[in-house]
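A.B. asks: Mind having a look at this structure? Questions to follow.
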Amino acid sequence: MTSAIIFPIFVSFINLYTMNFEFSEEHKMIRQAARDYAQRELLKDVLERDAKAEIPWDHIKNLTELGFFGMMVSPEWGGGGMDTISYVLAMEELSKVDSATAVILSVHNSLVCWGVEKYGTPEQKEKFLRPMGSGEKIGAFLLSEPEAGSDATHQRTVAEDKGDYYLLNGTKNWISNANSGQIYIVIAQTHPEKGHHGINAFIVDKDTPGITLAPHEDKMGMRSSDTHSVMFSEAKVPRENRIGEDGFGFKFAMKALEGGRIGIAAQALGIAAGAMERAVQYSKERKAFGKYLSHHQAIAFKLADMGLKVENARNLILKSAWHKDNGLSYGTLSAMAKLYAADMAMEVTTEAVQILGGYGYVKEYHVERLMREAKLTQIYEGTSEIQKIIISREMLRD
Ligand code: COS
C-alpha cells in the first residue's frame, strides 16, 4: 500500500479512539448509582435538612459505603481508582437533588485527596490519604481568610518554623467540611518577606490542640454543608506534615483548585439540570389559557434555551475532566467550565422559578432552593470574576 492510503486509515483509526462521546459501561453504572441514591435517599429529607441546616451525616456514611468518598484515590491507597469523568457524573446526579451533600464530596475528593495523592510523601499518604481514600476520614481545604478570599496570595495565617514543627496562628474563613472533616490542608505564610513564595501547605489533624471552630455559618443556600471559620492559636504541626518543598504552598493551592473547579462546575451543572427537569415536568402538567404550559411558545423557548445551556456546560466540564484524566493541561478549561456552568446555573434556576411561577417561589417545589444553591457556585473556589482573570491571562500570554 502507498503511504497516501495508509495515512488516512491510520488517522481514522486514531480518531476512532480520540473523539468518542460514548460513556463506558462503568461510567454508566456510576452515574446510575449516584442517580438512584439521589432520587431515592437524598430527596426524602433534603428540604428538612435545608431548613435545619443539618450536616447530612447519614448520607455521608451511605455514600462512603457506596464508594463515592475517595472515589478517585488509587486503590493502592484504599480508594476507588475511578477517573474524573466518573466523578463529574456522580457530582451532577447528586447535585440535581442535593448539592449541599455533593459539595462535601467534592472538597474531599478533588481538593484534599487529590492534593495529598499528587504531592504527598509515602508517609503522608499512609497516614492521611489511606483513611481518606476509604472515606473513614473526610478532608477540608483551608485557604480563604477574612481578608484573603479572591486575593489568595495575601495569607495572614502564619506558620512559624520552629525546627521540628511549625506553629500555626490565624483564622480561616468559610471553610467547607470544617466540622465533618477530620483532615485539614492548611495554607499559611512562613516567610512573609517572600510573598507567595513563602507560603506553605500543611496536613493537619483537626484534633490538634489550639484549633477551634466558630459556629456553623447560617447560609443562604447549601445550608446543610458545614461551613465554619477555623481559628488557630499556637497549633503545633509536625514538620513532616508540610506538603512539598518549603514555599510550595501557593502553587499547591492553585493546582488543587484547578481540579476542584471541575467538581464545582459539575455541581452547578447538576443544580441547573435538576431545576430544568422540574420545569419540564411542571410545564407538561400545568395548564394556562386552556393548554399546557409546554404548548405555549414562550415557555417552550425558555426550555430550549435551558437545554442548550445545560448541554454546553456538560460538554465543557467533560472535556476538562477528560483533559485531566489524560494528563493534558486543564487549568484554563476548568476555569471556563466553572465560569460557564456557574453563571448558567444561576440563569437556568432563575428561569425555572419563573416557569413554576408562584409554586416556584415556595420551598416545597425545590427550584427556589436550587436557585439559592446556584448562587454559591459563582462564588466559591474562585468567583466568576477570578475565572475570567485566569482565562484572559492565558489568552493574552505571549
Ligand atoms: N498552577 C501553578 N501555579 C500557579 C497557578 C496555577 N494554576 N496559578 C498561579 N500560579 C502561580 C504563578 O505562576 C505565580 O508564581 P511565580 O511568581 O513563581 O510565577 C504565583 O502562583 C502567583 O500567581 P499570580 O501572580 O498570577 O497571582 P495573583 O495574585 O495575580 O492571583 C489568581 C492569581 C487570581 C489566579 C489566584 O489568586 C486565585 O486563584 N485566586 C482565587 C482563589 C480562590 O479560588 N479562592 C477561593 C477559595 S475556596 S477553597
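The values are calculated or read from the model by the stated rules, or taken from the named source; none is laboratory data. Computed from a predicted structure; not experimentally measured. Using ideal geometry, Cβ is built from the backbone for each residue, glycine included, and neighbour counts are taken over all protein chains shown. Only protein heavy atoms, including side chains, enter the accessible area calculation; ligands, DNA and RNA are left aside. Shrake-Rupley method; radii C 1.70, N 1.55, O 1.52, S 1.80 Å.
A.B. asks: Check GLN281, GLN267 and return the single one that is within 16 Å of the ligand (Cβ to nearest atom), modelled with pLDDT of 95 or more and not assigned by TED's automatic domain parsing to the domain that holds VAL103.
C.D. replies: Being within 16 Å of the ligand (Cβ to nearest atom), modelled with pLDDT of 95 or more and not assigned by TED's automatic domain parsing to the domain that holds VAL103 holds for just one of GLN281, GLN267, which is GLN267.
A.B. asks: Show me the strands (runs of 3 or more DSSP E) found entirely inside region 154-209 where at least 3 residues are within 15 Å of the ligand (Cβ to nearest atom) and crowded, with 16+ Cβ neighbours inside 10 Å.
C.D. replies: In region 154-209, the matching strands (runs of 3 or more DSSP E) lie at 165-176, 183-189, 199-205.
A.B. asks: Open to solvent by less than 50 Å² (accessible area, probe 1.4 Å), among the acidic types (Asp, Glu), touching a residue at least 24 places away in the same chain (Cβ under 8 Å) and part of a helix (DSSP H, G or I): is that true of GLU258 in this structure?
C.D. replies: Taking the combined requirement at face value, the residue satisfies it.
A.B. asks: Something else now. From the list ILE299, ILE389, which residue is within 16 Å of the ligand (Cβ to nearest atom) and assigned to a helix (DSSP H, G or I)?
C.D. replies: ILE389
A.B. asks: If you go through region 116-139 one residue at a time, do you hit one that is open to solvent by 60 Å² or more (accessible area, probe 1.4 Å) and closer than 30 Å to GLU368 by Cβ?
C.D. replies: No, because not a single residue in region 116-139 is open to solvent by 60 Å² or more (accessible area, probe 1.4 Å) and closer than 30 Å to GLU368 by Cβ.
A.B. asks: List the number of the failed condition for GLY382; all other conditions in (1) within 16 Å of the ligand (Cβ to nearest atom); (2) assigned to a helix (DSSP H, G or I) hold.
C.D. replies: Unmet for GLY382, out of (1) within 16 Å of the ligand (Cβ to nearest atom); (2) assigned to a helix (DSSP H, G or I): (2).
A.B. asks: On to the next question. Going by the structure shown, is ARG314 under 18 Å from ALA90 (Cα atoms), within 16 Å of the ligand (Cβ to nearest atom), in contact (Cβ under 8 Å) with a residue 60 or more places away in the chain and not in a loop (DSSP other than H, G, I, E, B)?
C.D. replies: no
A.B. asks: Condition check: part of a helix (DSSP H, G or I) and either within 13 Å of the ligand (Cβ to nearest atom) or touching a residue at least 40 places away in the same chain (Cβ under 8 Å) (or both). Does ALA253 satisfy that?
C.D. replies: yes
A.B. asks: Here's a check for you: in region 43-70, which residue that is within 19 Å of SER176 (Cα to Cα) and aliphatic (A, V, I, L, M) is surrounded by the most Cβ atoms within 10 Å (Cβ to Cβ)?
C.D. replies: LEU63
A.B. asks: So is LYS338 closer than 30 Å to SER24 by Cα, more than 16 Å from the ligand (Cβ to nearest atom) and buried (at least 21 other Cβ atoms within 10 Å of the Cβ) or not?
C.D. replies: Against the criterion (closer than 30 Å to SER24 by Cα, more than 16 Å from the ligand (Cβ to nearest atom) and buried (at least 21 other Cβ atoms within 10 Å of the Cβ)), LYS338 does not qualify.
A.B. asks: Considering only residues that are more than 16 Å from the ligand (Cβ to nearest atom) and either of a type in the set (Ser, Thr, Tyr) or not assigned by TED's automatic domain parsing to the domain that holds ALA341 (or both), look in region 356-379 and name the one that is most open to solvent (accessible area, probe 1.4 Å).
C.D. replies: Selected residue: TYR361.
So that you can scan it fast, the table gives a plain yes or no per residue for (1) β-branched (Val, Ile, Thr); (2) assigned to a helix (DSSP H, G or I):
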position	(1), (2)
GLY81	no, no
ILE85	yes, yes
VAL88	yes, yes
GLU93	no, yes
LYS96	no, yes
ILE104	yes, yes
VAL107	yes, yes
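A.B. asks: Right, another one. If you go through region 308-330 one residue at a time, how many are among the aliphatic types (A, V, I, L, M) and open to solvent by 40 Å² or more (accessible area, probe 1.4 Å)?
C.D. replies: Total satisfying the criteria: 3.
A.B. asks: Which condition from (1) under 26 Å from LYS125 (Cα atoms); (2) assigned to a strand (DSSP E or B) is the one that SER229 breaks?
C.D. replies: Going through the list (1) under 26 Å from LYS125 (Cα atoms); (2) assigned to a strand (DSSP E or B), SER229 breaks only (1).
A.B. asks: Now for a separate question. Within region 107-143, how many residues turn out to be within 15 Å of the ligand (Cβ to nearest atom) and over 18 Å from the mean Cα position of the chain (by Cα)?
C.D. replies: Qualifying residue count, region 107-143: 1.
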